[in-house]
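All remarks here apply to the structure that follows.
The values are calculated or read from the model by the stated rules, or taken from the named source; none is laboratory data. In this text, all values refer to a predicted model and were calculated from it rather than measured experimentally. Methodologically, a virtual Cβ is constructed for each residue, glycine included, from the backbone with ideal geometry; neighbour enumeration extends over all protein chains shown. Side chains are part of the model used for accessible areas, which takes the heavy atoms of the whole protein and leaves out ligands, DNA and RNA. Shrake-Rupley method; radii C 1.70, N 1.55, O 1.52, S 1.80 Å.
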Amino acid sequence: MPCPVCSSPVPTPRRGPARRFCSEKCRGEARRGAYRAEVLAAAQTVEALTSRLRALEAERAAERAAAVEEMTRVTGYFQALVAALAARQAAAFVGGS
Ligand SMILES: [Zn+2]
């Protein structure tokens, strides 16, 4: 199996376990690469979580705005109803006297 870093053939040791890399330099390179990949993955996870959080906050803000709009609508309807009832009562009072 060739070296995964520089793809040069890995010498087979006469005894002991088979080596994965052709040299200490490539071994260190692979280790640094793995560390970099880990750091990159962690950064991407944080970024993904941050964007998910932002999406949730935006969703909640939209829901709040919709609730406020609904409340305003209902309050307006209620006020109009009260005004209409008051007007009817005033008319009945005027007509009754
Ligand atoms: Zn190598």
**Prompt:** Out of the stretch 10-28, which residues are open to solvent by 70 Å² or more (accessible area, probe 1.4 Å) and either part of a loop (DSSP other than H, G, I, E, B) or within 9 Å of the ligand (Cβ to nearest atom) (or both)?
**Reply:** Thr12, Arg14, Arg15, Pro17, Ala18, Arg19, Arg20, Lys25, Arg27
**Asked** Which of the residues belonging to the stretch 43-57 are open to solvent by less than 60 Å² (accessible area, probe 1.4 Å) and small (Gly, Ala, Ser)?
**Response** Ala43, Ala48, Ala55
**Request:** Please identify the pairs in which a residue from the stretch 1-22 that is farther than 21 Å from Gly33 by Cα has its Cβ atom under 9 Å from the Cβ atom of a residue that is near the ligand (Cβ under 7 Å from one of its atoms), counting only partners at least 6 apart or on another chain.
**Result:** Pro11/Cys22
